[in-house]
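Chemist: Encoded as structure tokens, here's the structure I'll be asking about.
The values are calculated or read from the model by the stated rules, or taken from the named source; none is laboratory data. If you're wondering where the values come from, they're calculated on a predicted model, not measured in any experiment. All Cβ positions, glycine included, derive from the backbone under ideal geometry; neighbour counts span all protein chains shown.
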Amino acid sequence: MGLQIYNTITKNKEVFQPLNPGHVGLYVCGPTVYGDAHLGHARPAVTFDVVYRYLTHLDYKVRYVRNITDVGHLVGDGDQGEDKIAKKARLEKLEPMEVVQHYTLGYHKNMQSLNTIAPSIEPRASGHIIEQIKMTQEILDAGFAYEVNGSVYFDVVKYNEQHAYGKLSGRKIEDLLSETRTLDGSSDKKNATDFALWKKAAPEHIMRWPSPWSDGFPGWHLECSAMSTKYLGKQFDIHGGGLDLLFPHHECEIAQSVAACNSEPAKYWMHNNMITINGQKMGKSLGNFITLDQLFSGEHKLLDQAYSPMTIRFFMLQAHYRSPLDFSNQALLAAEKGLERILGGLTTLDKIKASESSSVEIQEAIDGFFKAMNDDFNTPIALSHLFDLVKTINNLKASKATINQTDLDLLKNHLHVCIFDILGLKPSQTPTTQNSKEDEIMQILLELRKKAKENKDYETADLLRDRLLEIGIQIKDSREGTTWQKS
């Protein structure tokens, strides 16, 4: 059976069948760029990078669109308050687009460190105001929106009379109306569940554009509907994003697209689960908010050391994207060792010599890897099959097994495709000053030990080896040379 994807809207795994054979439209909600990228940004980036890589491996031509939110996302995720970027600009005495540019560049740098492939198109909300005004007018013309005092709101109750609002999240309009606070008379909305398509800007609001209704700005939910329609059409294959966006953001997207285009936007909805830290939700107020730069440098009170971007990526691949993932130093150290084991297996494989015959079975593990990936991108099971192959490599190194040239070439090709092309790991990386200095110091010590052995000063050579072992660094001598690792 081919690739199966868990579809959030049907709550089932479905055999993937793109709307246009051989082509895939993939839209993923990107960041709101008003702060440094953090762990929460990393998980959807890595999740959908693997999706993109694997679809490409399956020979699909993928158009991958990931947006940048640079306007319209208000503090509190509601329809009241200040724009998050405008607020940051006011606090830092900058132009809003200076804030956008600064944090967008930082986000791109972090994504590059994590070895995520850049999307085919990365549109910004502020660059698509015309499209958002057009879609707002289409929703008004369809009778599912109303204008009050220069603002335009989506009429959720009227929409629900003809379509099911809440079909993605499973929420009922009756429950939403009873759970939502009663309007206090100061709001322009007909119903508390209604949401803004266009907001009239207050006099002090910096980011504003002219529209048929007022000088204002688009609502947060509208940008994704407008930009996905422009670049992928009224219907496309996969819409992805974090689980925190399922309601209300993605629910509102569906309603907007149905109202404006008379069709649901995506055939498959995919959501990655959240990251917690030591069992707690990540948040600045709790003091456990860790940026990616802090992870890479180790400069945070919750971190015992710096972790490479590939360790972070491997850590995320160890859990299924739909499962919650709990961050801890212990979990990252385990990921670091797991990554070293797989990459070490590749290094060892390059030194294996072929025999006339094979006593190892590698096809089962190879098939297992792709079976796991076809099962809704099950990366932890896929990794387990790679570890099986590393075990085989170690047996070959220890002369406990043999492999012929055909199987050796197959094994090398398979591991490189799976590790580098599909999972997006990199063979070696020294991302931090700490790790770089550690490598430099170790090379100096190994050179001193080598010179001592050449001068037959075995006492000094053994002393260096033993003292390093005392602090947790193991020296290994072999015919190919001397290597070191943390024991």
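Chemist: Being in contact with a helix residue (DSSP H, G or I) (Cβ under 8 Å, 6 or more places away or on another chain), under 20 Å from Val46 (Cβ atoms), of a type outside the set (Val, Ile, Thr) and assigned by TED's automatic domain parsing to the domain that holds Asn378 is the requirement here; does Phe289 meet it? Quick ask: steps written out before the conclusion?
Modeler: Numbers: in contact with a helix residue (DSSP H, G or I) (Cβ under 8 Å, 6 or more places away or on another chain): no; under 20 Å from Val46 (Cβ atoms): yes; of a type outside the set (Val, Ile, Thr): yes; assigned by TED's automatic domain parsing to the domain that holds Asn378: yes.
Spelling it out, it is not the case that Phe289 is in contact with a helix residue (DSSP H, G or I) (Cβ under 8 Å, 6 or more places away or on another chain), under 20 Å from Val46 (Cβ atoms), of a type outside the set (Val, Ile, Thr) and assigned by TED's automatic domain parsing to the domain that holds Asn378.
Chemist: Limited to the range 365-379, what total is found for residues that are in contact with a helix residue (DSSP H, G or I) (Cβ under 7 Å, 6 or more places away or on another chain) and either modelled with pLDDT under 95 or not aromatic (Phe, Trp, Tyr) (or both)? Spell out how you get there, then give the answer.
Modeler: In the first step, residues of the range 365-379 are kept if they are in contact with a helix residue (DSSP H, G or I) (Cβ under 7 Å, 6 or more places away or on another chain); the result is 365-366, 368-369, 372-373, 377-379.
Next, from what is left, pick out any that are either modelled with pLDDT under 95 or not aromatic (Phe, Trp, Tyr) (or both): 365-366, 368, 372-373, 378-379.
The total comes to 7.
Chemist: Oh, and also: Just the residues that are touching a Leu at 6+ places or on another chain (Cβ under 9 Å), assigned to a helix (DSSP H, G or I) and of a type in the set (A, V, I, L, M, F, W, C), please, taken from the range 225-274.
Modeler: Leu232, Leu246, Phe247, Cys252, Ile254
Chemist: Moving on. Just to check your reading of the model, which residue among Asp175, Asp141 is under 20 Å from Trp213 (Cβ atoms) and assigned by TED's automatic domain parsing to the domain that holds Arg43? Steps first, please.
Modeler: Numbers: Asp175 fails: under 20 Å from Trp213 (Cβ atoms).
Result of the check over Asp175, Asp141: Asp141.
Chemist: Right, another one. Of all residues in the range 96-124, how many are on the phi < 0 side of the Ramachandran plot and part of a loop (DSSP other than H, G, I, E, B)?
Modeler: So the first thing to find is which residues in the range 96-124 are on the phi < 0 side of the Ramachandran plot, and the list is 96-114, 116-124.
From what is left, the residues that are part of a loop (DSSP other than H, G, I, E, B) are 114, 116-120, 122-123.
The qualifying residues number 8.
Chemist: In contact with a helix residue (DSSP H, G or I) (Cβ under 8 Å, 6 or more places away or on another chain), hydroxyl-bearing (Ser, Thr, Tyr) and in a loop (DSSP other than H, G, I, E, B): does that describe Ser323?
Modeler: Details: in contact with a helix residue (DSSP H, G or I) (Cβ under 8 Å, 6 or more places away or on another chain): no; hydroxyl-bearing (Ser, Thr, Tyr): yes; in a loop (DSSP other than H, G, I, E, B): yes.
The answer is no for Ser323.
For (1) touching a residue at least 60 places away in the same chain (Cβ under 8 Å); (2) within 17 Å of the chain's Cα centre (by Cα), each residue gets a yes or a no:
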{"site": "Leu295", "(1), (2)": "yes, yes"}
{"site": "Ala306", "(1), (2)": "yes, no"}
{"site": "Arg322", "(1), (2)": "yes, yes"}
{"site": "Asn329", "(1), (2)": "no, no"}
{"site": "Ser355", "(1), (2)": "no, no"}
{"site": "Ala365", "(1), (2)": "no, no"}
{"site": "Phe369", "(1), (2)": "no, no"}
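Chemist: Now a separate question. Go through the range 208-240 and report how many residues are surrounded by 23 or more Cβ atoms within 10 Å (Cβ to Cβ), farther than 13 Å from Tyr64 by Cβ and among the charged types (D, E, K, R).
Modeler: Total satisfying the criteria: 1.
Chemist: Of the numbered conditions (1) in the same structural domain as Thr10 (by TED's automatic domain parsing); (2) out of contact with any helix residue (DSSP H, G or I) (no Cβ under 7 Å at 6 or more places or on another chain); (3) buried (at least 16 other Cβ atoms within 10 Å of the Cβ), Asn262 fails exactly one; give the number of that condition.
Modeler: (3)
Chemist: Taking the stated definitions as given, is Ile206 over 23 Å from His163 (Cα atoms) and of a type in the set (A, V, I, L, M)? Explain how you work it out, then say what you get.
Modeler: On the way: over 23 Å from His163 (Cα atoms): yes; of a type in the set (A, V, I, L, M): yes.
Here the answer is yes, as Ile206 does meet what is asked.
Chemist: Now, a different point. Out of the residues in the range 1-18 that are of a type in the set (A, V, I, L, M) and surrounded by 15 or more Cβ atoms within 10 Å (Cβ to Cβ), which is farthest from Gly241 (Cα to Cα)? Before you say what the answer is, go through the steps one by one.
Modeler: Applying the first criterion (of a type in the set (A, V, I, L, M)) to the range 1-18 yields 1, 3, 5, 9, 15.
Narrowing the set further to residues that are surrounded by 15 or more Cβ atoms within 10 Å (Cβ to Cβ) leaves 3, 5, 9.
Working: Leu3: 20, Ile5: 14, Ile9: 13 Å.
Across the range 1-18, the extreme among qualifying residues is Leu3.
Chemist: Report yes if some residue within the range 116-127 is of a type outside the set (A, V, I, L, M, F, W, C) and farther than 30 Å from Leu425 by Cα; otherwise report no.
Modeler: yes
Chemist: Take Asp326 and decide whether it is surrounded by fewer than 18 Cβ atoms within 10 Å (Cβ to Cβ), in contact with a strand residue (DSSP E or B) (Cβ under 6 Å, 6 or more places away or on another chain) and either of a type outside the set (Gly, Ala, Ser) or more than 18 Å from Lys109 (Cβ to Cβ) (or both). Outline the logic, then answer.
Modeler: Details: surrounded by fewer than 18 Cβ atoms within 10 Å (Cβ to Cβ): yes; in contact with a strand residue (DSSP E or B) (Cβ under 6 Å, 6 or more places away or on another chain): yes; either of a type outside the set (Gly, Ala, Ser) or more than 18 Å from Lys109 (Cβ to Cβ) (or both): yes.
Criteria met by Asp326.
Chemist: Taking the condition of being within 18 Å of Ile419 (Cα to Cα) and over 35 Å from the mean Cα position of the chain (by Cα), how many residues in the range 389-409 meet it?
Modeler: 0
Chemist: Scan the range 125-145 residue by residue and report those that are of a type in the set (A, V, I, L, M) and either touching a Lys or Arg at 6+ places or on another chain (Cβ under 7 Å) or assigned to a loop (DSSP other than H, G, I, E, B) (or both).
Modeler: Residues of the range 125-145 of a type in the set (A, V, I, L, M): 125, 129-130, 133, 135, 139-140, 142, 145.
Matches in the range 125-145: Ala142 only.
Chemist: If you don't mind, another one. Can Ile206 be described as outside any helix (DSSP H, G or I), of a type in the set (A, V, I, L, M, F, W, C) and modelled with pLDDT under 95? Outline the logic, then answer.
Modeler: Values: outside any helix (DSSP H, G or I): yes; of a type in the set (A, V, I, L, M, F, W, C): yes; modelled with pLDDT under 95: yes.
Here the answer is yes, as Ile206 does meet what is asked.
Chemist: Condition first: in contact (Cβ under 8 Å) with a residue 40 or more places away in the chain and under 30 Å from Pro21 (Cα atoms). Now tell me which residues in the range 56-89 satisfy that.
Modeler: His57, Leu58, Tyr60, Val62, Arg63, Tyr64, Val65, Arg66, Asn67, Ile68
Chemist: Which is within 22 Å of Lys426 (Cβ to Cβ), of a type outside the set (Gly, Ala, Ser) and touching a strand residue (DSSP E or B) at 6+ places or on another chain (Cβ under 7 Å), of Leu346, Leu317, Leu292? Give the steps one after another, and end with the answer.
Modeler: Working: Leu346 fails: touching a strand residue (DSSP E or B) at 6+ places or on another chain (Cβ under 7 Å); Leu317 fails: touching a strand residue (DSSP E or B) at 6+ places or on another chain (Cβ under 7 Å).
Selected residue: Leu292, the only one of Leu346, Leu317, Leu292 that is within 22 Å of Lys426 (Cβ to Cβ), of a type outside the set (Gly, Ala, Ser) and touching a strand residue (DSSP E or B) at 6+ places or on another chain (Cβ under 7 Å).
Chemist: In this structure, is Pro44 out of contact with any Pro (no Cβ under 8 Å at 6 or more places or on another chain) and surrounded by fewer than 19 Cβ atoms within 10 Å (Cβ to Cβ)? Don't jump to the end; show me each part of the working.
Modeler: Details: out of contact with any Pro (no Cβ under 8 Å at 6 or more places or on another chain): yes; surrounded by fewer than 19 Cβ atoms within 10 Å (Cβ to Cβ): no.
No, not satisfied.
A quick yes/no check of all residues on (1) under 23 Å from Glu264 (Cα atoms); (2) surrounded by 15 or more Cβ atoms within 10 Å (Cβ to Cβ); (3) touching a His at 6+ places or on another chain (Cβ under 8 Å):
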{"residue": "Thr104", "(1), (2), (3)": "no, yes, no"}
{"residue": "Leu114", "(1), (2), (3)": "no, yes, no"}
{"residue": "Gln137", "(1), (2), (3)": "yes, yes, no"}
{"residue": "Gly143", "(1), (2), (3)": "yes, no, no"}
{"residue": "Glu147", "(1), (2), (3)": "no, yes, no"}
{"residue": "Glu161", "(1), (2), (3)": "yes, no, no"}
